[in-house]
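Shown next, in structure tokens, is the structure this report addresses.
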Amino acid sequence: RADAAMYVAKNAGRDMARFYAPEMEQIAQQRLALEQHLRQAMALGEFSLHFQPKVNAVSLEVVGVEALMRWDNPELGAVPPARFIPVAEETGLIRPMGAWVLQQACGQLAQWHAQGLDYLGVSVNLSAVQLADTGLVAQVRDCLQAHGIPPEALEIEITESVLMDNTSLAEEQLAALKALGVQLSIDDFGTGYSSLAYLKRFAIDKLKIDQSFVRDMLADPTDLAIIRAIIALGHTLGLQVVAEGVELEQVAAQLKGLACDELQGYYFARPMAAVAFEHWLQERKQ
Ligand code: C2E
Ligand code: CA
Ligand code: CA
Ligand code: CA
């Protein structure tokens with residue numbers, strides 16, 4: 001039996017090698033090409049930001065936007081963040097990219113505030129690599145000062161994994177960011193290895209329920225139960241709770257009924273360029 005098992009394993013291995021090697025090589029080459037283009041992308045001005053509105057769940061008034069990075073490359077086309085962010089993190093390119101996002105987002109917010117849209121806030125996504133940078137807090141402080149933005153108008157979204165592989169540096173930096181007055185939210189909440197201890201340890205302001213739960217909440221009682229539990233947990237700890245991935249009116253209505261604080265998703269608007277967001281806001285008001 002042991003021989004048979006070994007025979008199967010060996011053959012499986014050989015088949016794997018035969019079938020997957022060329023495919024894997026192709027993937028490796030694509031990844032390399034992506035990395036090479038990514039290294040040039042900033043200098044060539046290929047990045048932009050899109051903004052997706054977040055609304056108050058009760059009044060449906062817009063409270064802010066999430067800044068999401070976009071990359072348009074002449075050869076590769078529009079590359080989704082899910083493809084280029086991991087490469088940016090592995091190569092360290094996320095440092096200058098993240099700094100650029102912060103500058104652009106704050107610059108744009110300052111413009112909107114100057115236009116009278118002073119109730120808007122902006123969220124940016126912060127990678128674990130950025131949080132491991134000792135210069136981060138000064139970078140955020142300088143950026144707020146340079147653009148004259150009230151700290152509480154900036155929200156920083158981090159994922160649970162950032163808190164889990166917590167070094168004391170990450171913990172210190174989050175505390176220092178909090179001390180600046182910016183808001184901290186946990187993105188994709190419920191998908192990480194939720195040790196809830198970090199909710200106590202870190203000065204978190206908001207939980208963002210992961211869209212995988214929101215997507216199926218009408219059909220899947222387990223997802224609905226998880227959403228209820230997250231909202232109850234968040235509110236018990238004095239945190240705001242945001243739901244993302246809201247695609248249907250019924251979902252928005254049910255989340256409002258569950259006392260969720262803010263909503264974000266295609267039902268309200270897709271992420272869009274700054275000018276498109278301004279038009280969208282105008283039309284909504286009329
Ligand atoms: P995320 O932070 O969870 O951002 C939300 C993602 O969900 C965005 O995808 C958004 O377009 C999408 N989304 C929003 N509403 C809906 C909806 O109703 N239905 C569906 N199906 N999707 C919705 P996007 O822009 O492709 O970004 C993907 C991920 O890439 C982000 O997930 C974030 O983790 C990362 N990312 C994007 N921009 C940045 C950035 O500037 N810095 C860092 N570190 N990561 C970023
Ligand atoms: Ca996010
Ligand atoms: Ca998310
Ligand atoms: Ca996500």
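For segment 113-148, the candidate set comprises residues that are without any contact (Cβ under 8 Å) to a residue 12 or more places away in the chain and charged (D, E, K, R); within that set, the residue that is nearest to M272 (Cα to Cα) is D118.
Just the residues that are away from ligand 1 (no atom under 12 Å from the Cβ) and touching a residue at least 40 places away in the same chain (Cβ under 8 Å), please, taken from segment 97-110. Break it down into steps so the answer makes sense when it comes.
Taking segment 97-110 and keeping what is away from ligand 1 (no atom under 12 Å from the Cβ), we get 106-110.
Result: C106, G107, Q108, L109.
The helices (runs of 4 or more DSSP H) falling completely within segment 219-286 that include 1 or more residues that are more than 28 Å from H50 (Cα to Cα) and in contact with a Phe, Trp or Tyr (Cβ under 9 Å, 6 or more places away or on another chain) map to 221-236. In segment 149-173, the residues that are farther than 14 Å from V137 by Cα form Cβ pairs under 6 Å with partners that are away from ligand 1 (no atom under 16 Å from the Cβ), at six or more places apart or across chains, as follows: I149/A110; E152/G181; L163/Y198; M164/Y193.
Search segment 199-218 for residues being among the aliphatic types (A, V, I, L, M) and within 16 Å of ligand 2 (Cβ to nearest atom), and hand back the single one that is farthest from I156 (Cα to Cα). Steps first, please.
First, pick out the residues of segment 199-218 that are among the aliphatic types (A, V, I, L, M): 199, 203-204, 207, 209, 214, 217-218.
The next check asks that each one be within 16 Å of ligand 2 (Cβ to nearest atom); those that pass are 204, 207, 209, 214.
On the way: I204: 10, L207: 12, I209: 15, V214: 21 Å.
Among those that are among the aliphatic types (A, V, I, L, M) and within 16 Å of ligand 2 (Cβ to nearest atom), it is V214.
It is to be established whether one or more residues within segment 91-103 are of a type in the set (S, T, N, Q), assigned to a strand (DSSP E or B) and modelled with pLDDT of 95 or more. No, every residue in segment 91-103 fails to be of a type in the set (S, T, N, Q), assigned to a strand (DSSP E or B) and modelled with pLDDT of 95 or more. How many residues does segment 205-222 hold that are surrounded by fewer than 21 Cβ atoms within 10 Å (Cβ to Cβ), of a type in the set (A, V, I, L, M) and within 16 Å of ligand 4 (Cβ to nearest atom)? Final tally of qualifying residues: 0. Evaluation of P86 against the conditions (1) closer than 27 Å to A243 by Cβ; (2) touching a residue at least 24 places away in the same chain (Cβ under 8 Å) shows that the sole unmet condition is (2).
For segment 74-86, what are the residues that are more than 16 Å from ligand 3 (Cβ to nearest atom) and surrounded by fewer than 18 Cβ atoms within 10 Å (Cβ to Cβ)?
If we filter segment 74-86 for residues that are more than 16 Å from ligand 3 (Cβ to nearest atom), which is where we start, we get 74-79, 83-84.
Selection gives P74, E75, L76, G77, A78, R83.
Restricting segment 46-61 to residues that are in a strand (DSSP E or B) and in contact with a helix residue (DSSP H, G or I) (Cβ under 9 Å, 6 or more places away or on another chain), the residue that is surrounded by the fewest Cβ atoms within 10 Å (Cβ to Cβ) is S48. Please determine whether any residue of segment 223-232 is within 12 Å of ligand 3 (Cβ to nearest atom) and either surrounded by fewer than 22 Cβ atoms within 10 Å (Cβ to Cβ) or among the aliphatic types (A, V, I, L, M) (or both). Looking through segment 223-232, none of the residues is within 12 Å of ligand 3 (Cβ to nearest atom) and either surrounded by fewer than 22 Cβ atoms within 10 Å (Cβ to Cβ) or among the aliphatic types (A, V, I, L, M) (or both). Here L184 does not qualify as farther than 26 Å from A252 by Cα and either within 15 Å of ligand 4 (Cβ to nearest atom) or of a type outside the set (G, A, S) (or both). Contact annotation: residue pairs with Cβ atoms under 9 Å, 6 or more positions apart or on different chains, pairing a residue in segment 32-44 that is in contact (Cβ under 8 Å) with a residue 40 or more places away in the chain with a partner that is assigned to a helix (DSSP H, G or I) and among the hydroxyl-bearing types (S, T, Y), are E35/T91; L38/T91; R39/T91.
Every test in (1) within 15 Å of ligand 2 (Cβ to nearest atom); (2) farther than 30 Å from L136 by Cα is passed by P221 save one, and that test is (1).
The values are calculated or read from the model by the stated rules, or taken from the named source; none is laboratory data. Since the model is a prediction, treat every value here as computed from it, not as a measurement. Ideal geometry is used to build each Cβ from the backbone, glycine not excepted, and the neighbour counts take in all protein chains shown.
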